[in-house]
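Okay, handing you the structure first.
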Amino acid sequence: MLGKLMRSTAARVLLATLACLLCVVSSSLLPSASAHNLGQSYVYFQIREDAVSTRVEMPVKELDEVLELGLASKKKVRRGDIEPHIEQIRAYVDEYLTLDCSPLACNLTFQEYGFLNTTFAQFLTLEYTLEGFQTTPEAIDVTYDVILEQLPQHTNMLLVEENWMTGTFQNESTPLMIFRQPGQTQTLDLTSGSLWQGFSAVVHLGVIHIVEGIDHVLFLVALLLPSVLRRRDDSMWQPVGKFSTAFVYIIKIATAFTIAHSITLCLATLQIVQVPSRIVESIIAASIGLAAVDIFYPIFRGRSWLIIFLFGLFHGFGFADVLAELGVTSQNAALSLFGFNLGVEIGQLMIIAVVFPVLYLLRNQQFYPSFVMKTGASMLGVMSLYWFIERAFDVNIRVLPVLQGLF
């Protein structure tokens with residue numbers, strides 16, 4: 001009776017753990033929120049220590065309707081189509097976008113233009129730098145009336161895309177201000193935020209990246225699966241006798257992984273060593289597969305910490321790519337580097353804290369080595385092969401979009 005109860009409890013624990021992992025996988029497949037809807041224009045601010053830049057994004061269809069550019073017949077506007085009208089468009093933006101930095105003087109200096117194509121519409125983007133001041137102003141009064149005055153149903157939005165002090169990076173979906181009426185002026189406060197707020201946000205980014213970075217999660221899972229068992233005669237698995245035995249093993253591999261990815265994260269972020277992203281991502285995918293193969297056949301043979309250290313080096317390069325894409329280290333580089341790495345470690349410990357105790361409780365169950373561990377390793381191997389083919393050969397097998405639809 002007791003044995004039956006234990007098996008029932010173990011099965012429930014296993015199902016709960018699998019459900020948690022499924023949530024992690026499904027969340028990584030879902031698209032993130034984004035702005036750029038029909039009938040909306042945007043102005044983005046990038047606020048740095050010694051500079052402020054701005055990007056205006058306007059839907060081409062509405063811009064053509066307001067300025068009568070003669071582009072209505074074109075499904076997709078190209079640079080050659082807009083070039084004859086760019087001065088007219090710039091003059092229009094200069095008239096309907098006003099930035100007041102009083103008591104300091106400031107003016108918009110045009111840099112370049114381009115296009116942004118979304119599912120809903122095509123946008124023309126104009127990039128500016130805000131100049132005329134020696135120190136960053138404390139506030140900017142913004143009046144943003146483009147298209148809004150001619151098409152009252154239109155909506156304009158202001159977003160702070162980047163501001164290290166407030167922990168804002170690559171924000172494209174959360175508006176800070178909304179303009180629905182012509183002549184409306186709102187004040188953008190540039191004094192909010194602090195070093196602590198920025199640092200804590202970077203730590204949070206590190207946690208989110210490791211938890212939602214499904215390839216890193218699966219690599220850890222592949223290492224955790226055999227941690228509560230020991231090989232006998234290179235083939236048979238038996239449960240560890242003490243918690244401390246398995247825990248020490250986890251400490252070793254976690255330490256090796258941490259030291260390794262910390263080294264390459266620093267080297268790559270500081271641009272001392274650079275490795276092509278395609279190579280890095282391919283090796284990260286392969287690392288999952290090799291960790292899974294080791295469950296069936298002992299290829300590491302007592303040198304797990306060394307193999308994990310080597311793979312950890314490439315995971316560090318992967319973390320550095322994320323930092324580069326977010327532009328986090330463009331300011332307060334040392335603090336950003338430390339904070340992101342700390343966040344990665346916190347996220348890694350969270351995964352271990354959730355998965356490892358469950359595996360330890362299940363280690364004595366007959367189904368664990370034969371079903372849980374080997375089935376899990378097989379699934380990890382298949383996922384690793386899929387990712388490796390896509391990344392190494394730059395092909396799209398289009399399996400994940402199907403899975404995303406199912407979720």
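The values are calculated or read from the model by the stated rules, or taken from the named source; none is laboratory data. Since we're looking at a predicted model, the values are computed, not measured. Cβ atoms come from the backbone with ideal geometry, glycine included; neighbour counts cover every protein chain shown. Heads up: the accessible areas ignore ligands, DNA and RNA and are worked out on the full protein's heavy atoms, side chains in. Shrake-Rupley method; radii C 1.70, N 1.55, O 1.52, S 1.80 Å.
Mean separation of Cα pairs under 8 Å and 6+ residues apart, divided by the residue count of the range 196-405: what relative contact order is that in percent?
Contact order relative to length: 37 percent.
Moving to a separate point now. What percent antiparallel are the DSSP beta bridges of the range 40-193, to the nearest 5?
If I count the DSSP bridges inside the range 40-193, around 80 percent turn out antiparallel.
State the dimensionless ratio Rg/Rh of the range 258-399 (Rg: radius of gyration of Cα atoms; Rh: Kirkwood radius). Working shown, then result.
Working: Rg = 17.1 Å, Rh = 16.8 Å.
We get a ratio of 1.01 for the range 258-399.
Now, a different point. For the range 196-405, with all protein chains present and a 1.4 Å probe, just round the carbon and sulfur fraction of the accessible area to a whole percent.
69
Rounded to the nearest Å, what's the spacing between the alpha carbon centres of the range 272-306 and the range 339-371? Just the number, please.
For the range 272-306 versus the range 339-371, the Cα centre distance is 19 Å.
Angle check, please: helix 2-29 long axis (alpha carbons) against the longest principal axis of the chain (alpha carbons), in degrees 0 to 90, nearest 10.
The two axes meet at around 30 degrees.
Could you sort the peptides 362-370, 341-349, 186-194 by per-residue average Cβ neighbour count (10 Å cutoff), highest mean leading?
Numbers: 362-370: 16.4, 341-349: 20.1, 186-194: 14.1.
Result, highest mean Cβ count within 10 Å first: 341-349, 362-370, 186-194.
So, one more: Taking the Cα centre of the chain as origin, work out the dipole magnitude from +1 charges on Lys and Arg Cβ and -1 charges on Asp and Glu Cβ, in debye rounded to 20. Can you show the working numbers first?
Values: 25 positive and 35 negative charges, 680 e Å.
The dipole of the chain has a size of about 3260 debye.
Which semi-axis lengths, in whole Å and largest first, follow from the square roots of five times the eigenvalues of the Cα gyration tensor of the chain?
So the equivalent ellipsoid measures 51, 23, 19 Å along its semi-axes.
Would you mind classifying the range 30-103 by shape? Square roots of the alpha carbon gyration tensor eigenvalues, ordered a ≥ b ≥ c; an a/c under 1.5 is rounded, otherwise it is prolate if a/b is larger than b/c and oblate if not. Walk me through the intermediate numbers first.
Details: a/c = 2.21, a/b = 1.32, b/c = 1.67.
Because a/c hits 1.5 or more and a/b fails to exceed b/c, the range 30-103 counts as oblate.
Among 80-93, 218-231, how do they line up by average Cβ neighbours within 10 Å per residue, starting with the highest?
Details: 80-93: 14.0, 218-231: 22.4.
Packing proxy ranking, top to bottom: 218-231, 80-93.
Next question, about the same structure. Give, in nm to one decimal, the length gained when the segment between GLU65 and GLN111 is fully stretched (0.36 nm per residue of separation minus the Cα-Cα distance). Each step should come with its number before you reach the end.
Values: separation 46, 0.36 × 46 = 16.56 nm, distance 2.48 nm.
Length difference between fully extended and current span is 14.1 nm.
Once you place label points 7 Å from the Cα toward the Cβ at LYS242 and ILE86, how far apart are they in nm?
According to this spin-label approximation, the distance is 7.2 nm.
Could you give each residue of the range 353-368 its phi-based ³J(HN,Hα) in whole Hz, using Karplus coefficients 6.51, -1.76, 1.60 with θ = phi - 60°, and x for Gly or Pro?
So the Karplus estimates, Gly and Pro as x, are 5, 7, 7, 4, x, 5, 5, 5, 5, 8, 4, 8, 6, 4, 7, 5 Hz.
Could you work out how far helix 214-224 tilts from the main Cα principal axis of the chain, as a 0 to 90 degree angle to the nearest 10?
With both axes taken from Cα atoms, the answer is about 20 degrees.
If you don't mind, another one. Suppose the chain between GLU325 and LYS75 were pulled fully straight at 0.36 nm per residue; how much longer would it get relative to their current alpha carbon spacing?
Values: separation 250, 0.36 × 250 = 90.00 nm, distance 3.08 nm.
Fully extending the segment from GLU325 to LYS75 adds 86.9 nm.
Okay, next question. Once the dipole of the range 40-193 is set up with Lys and Arg at +1 and Asp and Glu at -1 on Cβ about the Cα centre, which of ILE89, THR119, ASN156 lies farthest towards its positive end?
After comparing all options, I get THR119.
Here's a follow-up. Which FRET efficiency value, to the nearest 0.05, is calculated for ARG230 and THR174 with the Förster distance at 45 angstrom and r the Cβ-Cβ distance? Before the final figure, lay out each step's value.
Values: r = 50 Å, r/R0 = 1.10.
The value I calculate is 0.35.
Of the beta bridges DSSP finds with both residues in the chain, what % are antiparallel, to the nearest 5? Please list the in-between numbers first.
Numbers: 41 of 49 bridges.
The antiparallel proportion sits near 85 percent.
Related question: Relative to the longest principal axis of the chain, what angle (0 to 90°, nearest 10) does the C-alpha long axis of helix 195-212 take?
Helix 195-212 and the main axis of the chain meet at about 50 degrees.
A follow-up question, please. For the chain, calculate the relative contact order in percent as a whole number, restricting contacts to Cα pairs under 8 Å that are 6 or more residues apart. Intermediate values should be presented prior to the final figure.
Values: 594 pairs, mean separation 70.4, N = 407.
Answer for the chain is 17 percent.
Right, here's the next one. When ligands, DNA and RNA are left out and all protein chains stay put, how many square angstrom of accessible area per residue does the chain have with a 1.4 Å probe?
Details: 20700 Å² over 407 residues.
Result: 51 Å² per residue.
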